[in-house]
Amino acid sequence: MENQSQNGAEAPVKVSTLNCIDLSNPDIHQSVSLLKQACLDCGFFYLVNHGISQEFMDEVFAQSKNFFHLPLNEKMKVLRNEKHRGYTPVLDELLDPDNQVQGDYKEGYYIGVEVPEDDPEAEKPFYGPNVWPADGVLPGWRQTMEKFHHEALEVAKAVARVIALALDLEVDFFDKPEMLGKPIATLRLLHYEGQISDPSKGIYGAGAHSDYGLITLLATDDVMGLQICKDRDAKPQIWEYVSPIKGAFIVNLGDMLERWSNCTFKSTLHRVLGNGQERYSIAYFVEPSHDCLVECLPTCYSENNPPKFLPIRCSTYLSQRYKDTHAELSIYNKHQT
C-alpha cells in the first residue's frame, strides 16, 4: 500500500511484519539468527515467553490507569524533577520539532533506579530517589511499579545477551558492571487521551523519534497507534503500523546501540498516531551506566569500515537528548503551591 500524500492527507499505511523472539526457546542459535535479521532490517521485534506473567502485566496496566485517572492537580503534585522522575503533563515532550506544531498529546510518568538521597551515587544525573504518589492516594502503587522495574530489567538483560551473540561478542558482554551491572533503567507509563492525530497539521500522539539508549521494551494495550519508518531518508517516508500482541513486548534498539554497532544494527524512527481512542502503554528504557564509554565495538569495524562516531560517555549523551526534547520545568511554576 502506498503511503503518499494526496490533497495534503496521508494515505492508509500498512501493518509491519516483525520477527518474534521466544525467550524460552532452547535453540539459542535460532533466537540469535531471528534477532540479528530483525536488527539489520528494522531494529524492532516481538518478544514472547519473557517470564513476566500476564496477570502481573494486567495489574501494572490497572495501576497505571489509576494514576492517570487522578485529577490534574493531584498529578501535578508529583511533577517530574530535574532528574526526570515523576509526572510529565500533556504537551511536555516535543520529539519532532521540525514537524510538530506543539508537544506530544500524551502524558507520562518516569520511574528510575531507586537510589537513596544520601548515597554518593544519587548525585549522578539519572540516579536518585524516585517521586512517588502518596500511599493514601494510590495504595500499593509504588510496590507494583518497583516489582515491574526489577522484573523488566531481568528481561532486558536476557535480550542483551542474545544481542551480544548476534554481534559476535561474548554472551555476557553487556553484563559488565559499567554496562548493565549498574544500568540507567527507566520505566515510563504512558497515556494517550484520545486526541486524533493529523500529520498534515503537525498533530501527533508522539512525534517521530528514535530512542536514545540500548534497548526499549514496550508493552501496549490493544489499541493500534505505534508506527515505524524503516528508511528515514525515503521521500516520502513510508510508515507501517506495529500490531499489539497480547503478552508480548515490542522491543526496539536505541541510538546508543546503533553507535556501538557502527550502524550495523538499526535504531529506527517511530511515532504514535492517535485515532480518537484512549491508549495506554508501558515503556522500559535500558541504557548502560553513567560512566560507560560508548565506542565502536571491536567486532563492528574494519580497515574498510572505520568507526563512524567518536566515543561518548553515556550520561553526557543521555542528558543532552533529554534536554533537547522536554520543556523547561520553570513553565510549571504556576502549578506549584
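The values are calculated or read from the model by the stated rules, or taken from the named source; none is laboratory data. Computed from a predicted model, the values in this text were never measured in an experiment. Because the Cβ atoms are built from the backbone with ideal geometry, glycine has one as well, and the counts that use them run over all protein chains shown. All accessible areas refer to the heavy atoms of the entire protein, side chains included, with ligands and DNA or RNA removed. Shrake-Rupley method; radii C 1.70, N 1.55, O 1.52, S 1.80 Å.
Odds and ends about this structure:
- Averaging 1/r across all pairs of distinct Cα atoms in the range 196-275 and inverting the result yields a Kirkwood radius of 13.5 Å.
- Extents of the range 136-185, taken as max minus min of Cα coordinates on every principal axis and listed largest first, are 50, 18, 10 Å.
- Of the cross-linked pairs Lys147/Lys201; Lys65/Lys235; Lys106/Lys230; Lys157/Lys230, those separated by over 30 Å at the C-alpha level are Lys147/Lys201; Lys65/Lys235.
- Applying both filters, DSSP loop and at most 12 other Cβ atoms within 10 Å, to the GluC sites (Glu not before Pro) of the range 158-195 gives Glu170.
- Extent along principal axes [Cα atoms of the chain; Å; largest to smallest]: 60, 58, 39
- Within the range 151-196, none of the trypsin sites (Lys or Arg not before Pro) combine a DSSP coil assignment with at most 10 other C-beta atoms in a 10 angstrom radius.
- Inter-part distance where the range 72-143 and the range 209-257 are each reduced to a Cα centre, Å: 22
- Accessible area of the range 210-331 belonging to carbon and sulfur atoms, whole % at 1.4 Å probe: 52
- Amide H partners (placed H, <5 Å) of Gly128, local residues excluded: Val115
- Normalised by residue count, the range 123-218 yields a Cα convex hull volume of 155 Å³ per residue.
- For the chain, calculated [θ]222 nm from helices alone, where every DSSP H run of n ≥ 4 adds -39500 (n - 2.57): -7000 deg cm²/dmol
- Taken over the alpha carbons of the range 215-254 as equal point scatterers, the Debye sum produces base-10 log I(q)/I(0) values at 0.28, 0.29, 0.34 Å⁻¹ of -0.99, -1.02, -1.15.
- Net charge dipole size for the chain [Lys, Arg +1 and Asp, Glu -1 on Cβ; Debye, nearest 20]: 500
- Using every pair of separate Cα atoms, the Kirkwood estimate puts the hydrodynamic radius of the range 27-152 at 17.4 angstrom.
- Each of Lys77 and Glu59 was given a label point 7 Å from its Cα along the Cα-to-Cβ line. The distance between the two points is 2.4 nm.
- Among residues other than Ala164 with Cβ under 9 Å from its Cβ, the summed charge is -3 (Lys and Arg +1, Asp and Glu -1).
- Residues of the chain: accessible area per residue with a 1.4 Å probe, Å²: 46
- Compactness ratio for the range 178-337: Cα radius of gyration over 2.2 N^0.38 Å (N = residue count) comes to 1.16.
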